[in-house]
1. Could you state the accessible area per residue of segment 266-324 in Å², with a 1.4 Å probe and every protein chain left in place?
2. Net charge near Glu427: determine it from the other residues with C-beta under 15 Å of the C-beta of Glu427, scoring Lys and Arg +1 and Asp and Glu -1.
3. Hey, can you grab everything whose amide H is under 5 Å from the amide H of Thr280? Only 5+ residues off in sequence or another chain; H modelled, so Pro and N-termini drop out.
4. Take the chain, drop everything but the C-alpha atoms, weight them equally and run the Debye formula without solvent; then report log10 I(q)/I(0) at 0.12, 0.13 Å⁻¹ to two decimals.
5. Sort 19-32, 258-271 by the packing proxy (mean of other Cβ within 10 Å over each peptide's residues), most packed first.
6. With axes computed from alpha carbons, what is the tilt in degrees of helix 114-149 against the longest principal axis of the chain, rounded to the nearest 10 within 0 to 90?
7. From the P(r) of segment 362-422, could you give the percentage of C-alpha pairs in the tail past 14 Å?
8. Quick one: which residues, 5+ away or cross-chain, put their amide H under 5 Å from the amide H of Leu198? H built at 1.01 Å from N.
Amino acid sequence: MTSKEHEGALWGGRFSQGMDPAMVPLNLSLAEDGRLWRYDLEGSRAWARALTRAGVLDEGELEKLLEGLDRVETRLAEGIPGDAPDEDIHSLVERLLGEEVGPVAGKLHTGRSRNDQVATDMRLWGMEALDDVDLELTRVLQALLALAERSVDLVIPGYTHLQQGQPVRAAHWALSHLWPLLRDRGRLRQARQAASVLPLGSGALAGCPFPVDRAFLARELGFDRVSENSMDTVSDRDWMADTLYCGSMVGVHLSRLGEDLILFASREFGILRVPDGFSTGSSLMPQKRNPDVAELARGKSGRLTGNLVSLLTLLKGLPTGYNRDLQEDKRLVFDTADQLRLVLPAVAGALAGCAWRPERVREILSQELLATDLADYLVRRDVPFRTSHEVIGRLVSMAEDEGMSLSSLPLERYQEAHPAFEADVKEVFRWEASVEARSVPGGTARAAVEAQMEEARHRLQP
Ligand code: ARG
């Protein structure tokens, strides 16, 4: 066999035997990295310009290459040919460029390696993908804010251990899902900053022997800065790990929001209606109306976290420099970005159409939610909290035994339980009074919730 069998590959020269048929499909990555073609072209144009400025190419060659890259762009815009034999997107672009401009195409790879090339392509892709996800996440945040804005007057049970705990404004609940996702958006922005570092000029591992201006390359390609160490650069996938961590946190937060929506929409709670457009029915049970959007969102979290764990496992223990293992990184970050771009618009749409069912909320609000307020009532009359906790506990148990609500227990019972109780204890049995009592920043009082919403609006400003 001869090296002819490596025709088309970018590295055939030193081989005397062809690639084993079992190796061929394992070696291919075009199906996965094909989607990088625009970034590969962008990087190639910038590289051609940098080589020209460094005196490696002359102006005529540059012009030829740029025209050729434009023609390759036109061809690839129609789709990557299904029968392309090329190993990866970099090989495909170089082959097509050769078809368009002839041997001068072979000059473009001077001083460049696929190692710094793929790192560059991925970062260019990543910055755009992170911007997209940022936008979609912002839409979810806006939908949560809008839901909060129309939920200020409604008081719902607040839960701990999934047991009714204390009353809260429904707006407060909605905002409790806004803040985690807003923190995620901050993390996404940090990941984008981490991505915004130029690899080109690092070569295979040791840098570039031609005097290319890396600051110029960074400016041309929209990177904030230039990487510091060529060996680090060709294997640095930290920005991807950051991205996948953000993705898994978004997944975790959406799964918790989804779980609340599922519970709230169930017959047992029944306090919220997920819009029809985001629900599905059952092929068997005619009555079913399932909040699928929330379940699908909840279901994505395992996959998103899996992508993070896969990448960390992939990176662990790799020796310095580029290793082919790194080819596996792409499907993980592509998948996380794709899944987020799929799920976020649906969640935003569903939230926009969610409607409370106030009559049902009134049914499920248990007066026991006010037990803490009763305890606080005594505290305000100078009873130590531990004593008052004990007293209210006994009253709750008494009401339960007698099948009465706390508010219908006669005043005498209260006064028997503790002499500090007076007629105004009835005041405690107003949901508004309970939420209004918590007027500290971050609390449930109207002013505190308005302040939260104001802060959220401010942070959501473009
Ligand atoms: N397809 C490769 C990857 O994704 C491109 C870099 C190949 N470099 C190499 N030395 N074989 O990582």
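The values are calculated or read from the model by the stated rules, or taken from the named source; none is laboratory data. Predicted model, so just to flag it, every value in this text is computed and none were measured. Note that we place each Cβ from the backbone using ideal geometry, even for glycine, and neighbour counts take in every protein chain shown. Note: areas computed on protein heavy atoms with side chains; ligands, DNA, RNA excluded. Shrake-Rupley method; radii C 1.70, N 1.55, O 1.52, S 1.80 Å.
1. 61
2. Overall, the nearby charge balance is -2.
3. Asn290, Asp292
4. Results for the chain at q = 0.12, 0.13 Å⁻¹ read -1.03, -1.14.
5. 258-271, 19-32
6. 20
7. Pairs farther apart than 14 Å: 53 percent.
8. Long-range HN contacts for Leu198: Arg225, Val226, Ser227.
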